[in-house]
Amino acid sequence: WPLILVEIIIALVYSKILSSFFQQDEWLSFARHIILKEEGFRAIFIDAFMPTVGHYQPFNTLTIHFFFSIFDLNYIAYAITSIFLHLVNVTLLFLLAKKIFKGMGISLMVATIFGLSASIYQATTWVLADVGVHFATMFALLCLITFFKSRFYLSIVCLITSLLYKEIAIGLFLLLPISYFVFGNKSAKKYSVIILGICAVYLLIRVGMIFLPQSYTRDVLVTKSQ
């Protein structure tokens, strides 16, 4: 019940965004997905997994297109979804904090601070542009939760999924091995080698994208000549 009360308060605070509007980056995203929709799923899939120098977030592209196919340009639907995803992350952080601190009070405090923090504001109010941040955070939290439940391989799957939404959880490649040694896990060396190996492969792939011709493809704006 205390957690439900906290989430109701957070939902009320964010309810004001229901009267907001799409940002400029979101209109650009809509234009892109309208074109892709006309070209079919194959074009969507290729666009999502196309190598890029900047953010490589194929799952984010596919998720945005999925939402667009359902909600079209209905701002309210995107806003409600964004608030809901934020509340899911608040719940997951509460569960993680409870696993670490073993106390209800401090776990609620952590969830409340996270839920109302200014640093989270943009990810929730940019209802389309930052939907990938919600999912990347969600799977990063699931990675940590499964880590503390000794579900190693599931934790790694969650980490990789998070990275394919957005790269905000890349620091976990170092945090997890350190945590294994801090908590005295018997398989610390084995798991750490696997994690660092996956990290090396991921970084090599990302660096390799710089040298691929596709990564230099740029969208031309109509204002370029100005």
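The values are calculated or read from the model by the stated rules, or taken from the named source; none is laboratory data. On a predicted model such as this, the values are computed, not experimentally measured, just so you know. Virtual Cβ from ideal backbone geometry, glycine too; neighbours counted across all protein chains shown. Just so you know, the surface numbers come from the protein's heavy atoms only, side chains and all, with ligands and any DNA or RNA stripped out. Shrake-Rupley method; radii C 1.70, N 1.55, O 1.52, S 1.80 Å.
Run Ala129 past the list (1) surrounded by fewer than 23 Cβ atoms within 10 Å (Cβ to Cβ); (2) assigned to a helix (DSSP H, G or I) and report the number of the one that doesn't hold.
Ala129 satisfies all of (1) surrounded by fewer than 23 Cβ atoms within 10 Å (Cβ to Cβ); (2) assigned to a helix (DSSP H, G or I) except (2).
Go through the residues of region 166-173 one by one and say whether even a single one is farther than 24 Å from Thr63 by Cβ and modelled with pLDDT under 95.
Initially, region 166-173 is screened for residues farther than 24 Å from Thr63 by Cβ, giving none.
No: zero hits.
Just one of the numbered conditions (1) touching a helix residue (DSSP H, G or I) at 6+ places or on another chain (Cβ under 6 Å); (2) at pLDDT below 95 is not true of Ala118; which one?
(1)
Report, by residue number, each residue of region 184-210 that is surrounded by 11 or more Cβ atoms within 10 Å (Cβ to Cβ), free of Cβ contacts under 8 Å to residues at least 40 places away in the same chain and not in a helix (DSSP H, G or I).
If the condition is that a residue be surrounded by 11 or more Cβ atoms within 10 Å (Cβ to Cβ), free of Cβ contacts under 8 Å to residues at least 40 places away in the same chain and not in a helix (DSSP H, G or I), then Asn185, Ser187 are the ones that fit.
Please count how many residues of region 43-77 are touching a Leu at 6+ places or on another chain (Cβ under 8 Å), over 21 Å from Val207 (Cα atoms) and of a type in the set (A, V, I, L, M).
4
Return the residues of region 58-77 that are in contact with a helix residue (DSSP H, G or I) (Cβ under 8 Å, 6 or more places away or on another chain), open to solvent by 30 Å² or more (accessible area, probe 1.4 Å) and not aromatic (Phe, Trp, Tyr); say none if nothing qualifies. Talk me through it step by step, then tell me what you get.
Initial filter on region 58-77 (in contact with a helix residue (DSSP H, G or I) (Cβ under 8 Å, 6 or more places away or on another chain)): 58-65, 67-71, 73, 76-77.
Okay, now just the ones that are also open to solvent by 30 Å² or more (accessible area, probe 1.4 Å), so 59, 62, 69-71, 73, 76.
Within region 58-77, Leu62, Ser69, Ile70, Leu73, Ile76 qualify.
With out of contact with any Ser or Thr (no Cβ under 7 Å at 6 or more places or on another chain) and farther than 24 Å from Met209 by Cα as the only criterion, which of Ser20, Ser82, Ser15, Ser29 stands out? Explain how you work it out, then say what you get.
On the way: Ser20 fails: out of contact with any Ser or Thr (no Cβ under 7 Å at 6 or more places or on another chain); Ser82 fails: out of contact with any Ser or Thr (no Cβ under 7 Å at 6 or more places or on another chain); Ser29 fails: farther than 24 Å from Met209 by Cα.
It is Ser15.
If we scan region 134-147, do we find a residue that is free of Cβ contacts under 8 Å to residues at least 12 places away in the same chain and either more than 30 Å from Leu5 (Cβ to Cβ) or open to solvent by less than 40 Å² (accessible area, probe 1.4 Å) (or both)? Let's see the steps before the verdict.
First, pick out the residues of region 134-147 that are free of Cβ contacts under 8 Å to residues at least 12 places away in the same chain: none.
So far as region 134-147 goes, no, none of its residues is free of Cβ contacts under 8 Å to residues at least 12 places away in the same chain and either more than 30 Å from Leu5 (Cβ to Cβ) or open to solvent by less than 40 Å² (accessible area, probe 1.4 Å) (or both).
Is it true that His55 is crowded, with 18+ Cβ neighbours inside 10 Å and out of contact with any Gly (no Cβ under 7 Å at 6 or more places or on another chain)? Don't jump to the end; show me each part of the working.
Values: crowded, with 18+ Cβ neighbours inside 10 Å: no; out of contact with any Gly (no Cβ under 7 Å at 6 or more places or on another chain): yes.
No.
Out of Ile106, Ile170, Ile80, which single residue is of a type in the set (A, V, I, L, M), open to solvent by 50 Å² or more (accessible area, probe 1.4 Å) and closer than 23 Å to Ser29 by Cβ? Quick ask: steps written out before the conclusion?
Working: Ile106 fails: closer than 23 Å to Ser29 by Cβ; Ile170 fails: closer than 23 Å to Ser29 by Cβ.
Step by step, each of Ile106, Ile170, Ile80 is checked, and only Ile80 is of a type in the set (A, V, I, L, M), open to solvent by 50 Å² or more (accessible area, probe 1.4 Å) and closer than 23 Å to Ser29 by Cβ.
For region 103-111, state whether one or more residues are under 14 Å from Leu92 (Cα atoms) and under 12 Å from the mean Cα position of the chain (by Cα).
Among the residues of region 103-111, not one is under 14 Å from Leu92 (Cα atoms) and under 12 Å from the mean Cα position of the chain (by Cα), which makes the answer no.
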